[in-house]
Amino acid sequence: MSLYADRTFLIDTENAFKIGPQIRALEAQGHKVVKCNLGEPDFPLPAHIREEVKRQLDLDNTHYTDPQGILPLRTAVAKQMSETRKISVTPEQVVVFPGGKPPIGLSQQVYCNPGDEVIYPSPCFPIYESFIRYVGAVPVPLHLDATRGFTFTAQDIEALITPKTKLIYLNFPSNPTGGLADRAQLEQISAVILNRAQADVRIYSDEIYENIIFDGGSHHSIASVPGMAGKTIIASGASKSFSWTGGRIGWAAFPTAEEAKVFTNLNINYFSCVPPFNQEGARVGIESPESCKTIAAMTKEFQRRRDMVVTALNAIDGISCQLPRGAFYVFPNIEGLVERLGIDAAYASLPPETQRLTTPSTLFQLFLLYRWHVAVLDRKSFGRVGSEKMHFLRISIASAYDDLAEGVERIRKAAEDKSGFMDFVNEGAHLS
Ligand code: PLP
């Protein structure tokens, strides 16, 4: 009998966290690492939210609370979602979670039987794919085309829908690509889903970057398309909008109150409830007009960094980078560099057992980390299935402007350092 259950190693991970110890080890050796790995806004928690959390602590609001989420927060979420999506959402449909992440995997546990198919964009937030095999479902990646702004058409998704399609993940604005969907596109995608998918299909619309949109653009939710609210889970949270990743507050509105009760029971089983003082802080974040100002200032700064980073990356021979329209990542294509630096040839020369654990973009990512001390992520960190021959990096722009400028300068130098790269590969210490 083996120690671990068979499913244990079917779950994947989020490399943005996993490389933390590697970064800390380099820092302990005295290196200054430019950290562009985590999707964590580098702004402080806005004062009006912080004050409310402190006030709640002083009121001793520190005990168990409603496992579905406190009613004032669910009411605020329902109101905000109803107004912004032009649909009717009630507090009974809303469930609060410790962050935007938990409802992603819980949805697969609730909706998917073994053999059911899950469609998800690729590249994507890795947790969508991570859970699929763990619950015995079948991954169906919807590969996004960089030349089309990392969006997809109705025809693209139509080709993937089968009678077994149970869950479809959407994420606009998108991590890692910054892609945005317009209303017409969501209407076309909806028409296909309504025509082709089973009536009980669920769309998991991850809208956690709903407030971080550049160039005056606006957020559209698939739930706003007639006929879709009854099939769509709208997920969002406090981590990105309020620069509050440590608050661990996220929420989702389910198509029915009955489904919300099913998720509430999972909350009871896993963690009972979410800290009430932080829930009150999130309520203030949603309700206070101050939040518009802090979000606007943060987004303006992200846009300034985006413009600098994308321009600098596009000046590097072998790299081409789209302008993201939202969120706070850039996702350059490094195909030319993979060829120019001999990364593909180095990969081809590795023993098969090492090749299985790495990719060309992983080799460059690790070269950047260990030799040039810039922490970015490789393509496979954002969906593995079918991505082996795709060469991209994700650079989070949620670091200070000057640090990012330094980071891109190091990437430029690394892109010229062919002999350093060969040494790094020959040394063989950090190839996967
Ligand atoms: N969804 C997407 C698309 C994300 O990028 C993230 C975090 O990076 C999350 C969900 C999870 O957010 P949280 O930190 O609130 O769990």
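Inspect all residues belonging to region 229-245 and state whether any of them is basic (K, R), in the same structural domain as L106 (by TED's automatic domain parsing), within 18 Å of the chain's Cα centre (by Cα) and under 22 Å from K300 (Cα atoms). Within region 229-245 (the criterion being basic (K, R), in the same structural domain as L106 (by TED's automatic domain parsing), within 18 Å of the chain's Cα centre (by Cα) and under 22 Å from K300 (Cα atoms)), the answer is yes, since at least one residue qualifies. Can you find, within region 15-39, the residue that is surrounded by the most Cβ atoms within 10 Å (Cβ to Cβ) among those that are within 18 Å of T177 (Cα to Cα) and aliphatic (A, V, I, L, M)? Of everything passing the filter in region 15-39, A16 is surrounded by the most Cβ atoms within 10 Å (Cβ to Cβ). Only residues that are under 29 Å from the mean Cα position of the chain (by Cα) and either crowded, with 20+ Cβ neighbours inside 10 Å or of a type in the set (S, T, Y) (or both): list them for region 336-347, please. Within region 336-347, L337, V338, I343, Y347 meet the criteria. Could you say which residue among F364, F328 is of a type in the set (F, W, Y) and free of Cβ contacts under 8 Å to residues at least 60 places away in the same chain? Answer to the check: F364.
State all residues of region 348-366 that are assigned to a loop (DSSP other than H, G, I, E, B) and surrounded by fewer than 21 Cβ atoms within 10 Å (Cβ to Cβ); if no residue qualifies, say none.
Matches in region 348-366: S349, L350, P351, R356, L357, T358.
Number of residues in region 1-57 that are without any contact (Cβ under 8 Å) to a residue 60 or more places away in the chain and within 16 Å of the ligand (Cβ to nearest atom) equals 3. The conditions of being within 16 Å of the ligand (Cβ to nearest atom), in contact (Cβ under 8 Å) with a residue 40 or more places away in the chain and either more than 23 Å from S241 (Cα to Cα) or buried (at least 19 other Cβ atoms within 10 Å of the Cβ) (or both) are not met by G115.
Comparison of V338, V274 shows that the only residue that is over 19 Å from N37 (Cα atoms), hydrophobic (A, V, I, L, M, F, W, C) and outside any loop (DSSP other than H, G, I, E, B) is V338.
Within region 385-397, the presence of a residue that is hydrophobic (A, V, I, L, M, F, W, C), part of a helix (DSSP H, G or I) and buried (at least 23 other Cβ atoms within 10 Å of the Cβ) is excluded.
Beta carbons closer than 7 Å, at least 6 apart along the sequence or on distinct chains, pair a first residue in region 233-248 that is without any contact (Cβ under 8 Å) to a residue 60 or more places away in the chain and within 15 Å of G39 (Cβ to Cβ) with a second that is more than 9 Å from the ligand (Cβ to nearest atom) and outside any helix (DSSP H, G or I) for S241/N211. Can you name the residue in region 44-69 that is within 26 Å of the chain's Cα centre (by Cα) and closer than 22 Å to A260 by Cα and is also surrounded by the fewest Cβ atoms within 10 Å (Cβ to Cβ) among such residues? Ranking the qualifying residues of region 44-69, first place goes to P67. Taking G246, is it within 11 Å of the ligand (Cβ to nearest atom) and surrounded by fewer than 24 Cβ atoms within 10 Å (Cβ to Cβ)? Here the answer is yes, as G246 does meet what is asked. None of L144, L106, L73 is within 20 Å of the chain's Cα centre (by Cα), over 29 Å from V330 (Cβ atoms) and within 16 Å of the ligand (Cβ to nearest atom) except L106. In a residue-by-residue description of region 229-238, the property of being within 21 Å of Q198 (Cβ to Cβ), more than 15 Å from the ligand (Cβ to nearest atom), surrounded by 24 or more Cβ atoms within 10 Å (Cβ to Cβ) and modelled with pLDDT of 95 or more applies to at least one position. With more than 15 Å from the ligand (Cβ to nearest atom), out of contact with any Pro (no Cβ under 7 Å at 6 or more places or on another chain), modelled with pLDDT of 95 or more and outside the structural domain of G39 (by TED's automatic domain parsing) as the only criterion, which of I203, I161 stands out? Within the list I203, I161, the selection yields I161. Please find, within region 219-228, the residue that is nearest to V284 (Cα to Cα) out of those that are hydrophobic (A, V, I, L, M, F, W, C) and surrounded by 24 or more Cβ atoms within 10 Å (Cβ to Cβ). Residue satisfying both the conditions and the ranking: A223. Going through region 275-307 one residue at a time, which ones are among the aliphatic types (A, V, I, L, M) and in contact with a Phe, Trp or Tyr (Cβ under 7 Å, 6 or more places away or on another chain)? The answer is M298, and nothing else.
Any idea which of L337, L363 is more than 24 Å from E129 (Cα to Cα) and not charged (D, E, K, R)?
After ruling out the rest, the residue left standing is L337.
For region 89-96, the count of residues that are at pLDDT 95 or above, part of a helix (DSSP H, G or I) and over 20 Å from A257 (Cα atoms) is zero.
Scanning region 211-218 turns up at least one residue that is surrounded by fewer than 24 Cβ atoms within 10 Å (Cβ to Cβ) and at positive phi.
The values are calculated or read from the model by the stated rules, or taken from the named source; none is laboratory data. Nothing here was measured: the structure is a model prediction, and the numbers come from that model. We place every Cβ from the backbone using ideal geometry, glycine too, and count neighbours over all the protein chains shown.
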